[in-house]
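Novice: Sharing a structure with you now.
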Amino acid sequence: MRPAYSVLMVCMGNICRSPTAEGVLRQIVRDAGLEHAVQIDSAGTHDYHPGHPPDPRSCRHALRRGYDLSALRARLVQPLDFSRFDLILAMDWENLEALQVICPAGQQHKLRRLMEFAPTGLGDVVADPYYGGPEAFDAVLDVVEPACRGLLIHLRDALRLPPAGHKPE
C-alpha cells in the first residue's frame with residue numbers, strides 16, 4: 001500500500017544533511033503515529049557517494065539525540081523522484097537551484113527548502129557541516145529538528161488530520 005504522502009530530503013552528496021533530515025523526520029512522524037501514512041527518503045544532487053552510509057560524524061551526532069541513520073545509503077536524485085514524491089525539500093539554495101534545473105515543469109511546485117518549515121529566526125538554509133568540526137554537525141540538528149516539527153504540521157494538514165492535541169467537540 002502506497003503511503004498517502006511522500007517527502008524527499010535533498011542535499012549535495014546525501015551523506016550529511018539530507019540523511020540527518022530524513023532520520024529526524026522519520027522519528028517525528030513515527031512519534032506522531034503517522035509512519036504508515038508518510039514515506040520519507042533522501043537523495044543528493046551530486047553522485048559523490050552512491051551506496052555509502054551517512055558520514056560517521058552525522059551518524060554519531062544524530063545517535064546522541066536518538067536518531068539512527070545507520071541503515072541509510074546515499075543515492076542520486078532520479079527523474080522518477082519528481083513524480084514519486086509529493087514534496088522535495090532542498091537543504092540550501094544551491095541544491096534547490098540544481099533541483100529546479102532537472103525537475104520537469106509540471107513538478108516544480110513540489111520543490112521547496114526544508115527551512116521554510118522552521119520557526120522564524122533559524123535561517124533559510126541548513127549549512128553543510130562536512131568541512132566543519134563537531135559543532136557544525138550539532139548545528140545541523142539544531143535547525144533540522146524544529147524544521148521537521150514544523151513540517152509535521154504541514155504533513156498533518158496535507159493528510160487532512162487535526163492538529164496534534166486537538167480534541168473533537
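Nothing in this text is a laboratory measurement; each read-out follows from the coordinates by a stated rule. Not measured: the values here are computed from a predicted model. In this analysis, Cβ positions are derived from the backbone assuming ideal geometry, glycine residues included, and neighbour counts consider all displayed protein chains.
Novice: Say each of Glu94 and Leu76 gets a label point 7 Å from the Cα, pointing the same way as Cα to Cβ; how far apart are those two points in nm?
Specialist: 1.8
Novice: What FRET efficiency do you get for Arg160 and Asp31 if R0 is 22 Å and r is their Cβ-Cβ distance, rounded to the nearest 0.05?
Specialist: Computed FRET efficiency for Arg160 and Asp31: 0.65.
Novice: Order by neighbour count: Ser42, Ser18, Ser58, fewest other Cβ atoms within 10 Å first, most last.
Specialist: Values: Ser42 29, Ser18 32, Ser58 25.
With the sparsest Cβ surroundings first, the list reads Ser58, Ser42, Ser18.
Novice: Could you give the distance between the Cα centres of segment 88-167 and segment 1-54, to the whole Å?
Specialist: Segment 88-167 and segment 1-54 have Cα centres spaced 11 Å from each other.
Novice: Pop a pseudo-label 7 angstrom from the Cα along the beta-carbon direction at both Glu135 and Arg112 and give the gap in nm to one decimal.
Specialist: Here the answer is 3.2 nm between the modelled labels.
Novice: Could you compute the longest span of the chain free of chymotrypsin sites (Phe, Trp or Tyr not before Pro) located in DSSP loops and having at most 13 other Cβ atoms within 10 Å, not counting the site residues?
Specialist: The segment 49-130 is the longest one with no such site.
Novice: Then there's this: Which one is right for this structure if volume of the Cα convex hull per residue in Å³ is calculated from it: (i) 250; (ii) 107; (iii) 124?
Specialist: (iii)
Novice: I've got another one for you. Counting pairs of alpha carbon atoms under 8 Å apart in space and at least six apart in sequence, what relative contact order in percent does segment 5-158 give?
Specialist: Values: 296 pairs, mean separation 42.1, N = 154.
Over segment 5-158, the number comes to 27 percent.
Novice: Relative contact order for segment 111-169: what is it in percent, counting Cα pairs under 8 Å that are at least 6 residues apart?
Specialist: 34
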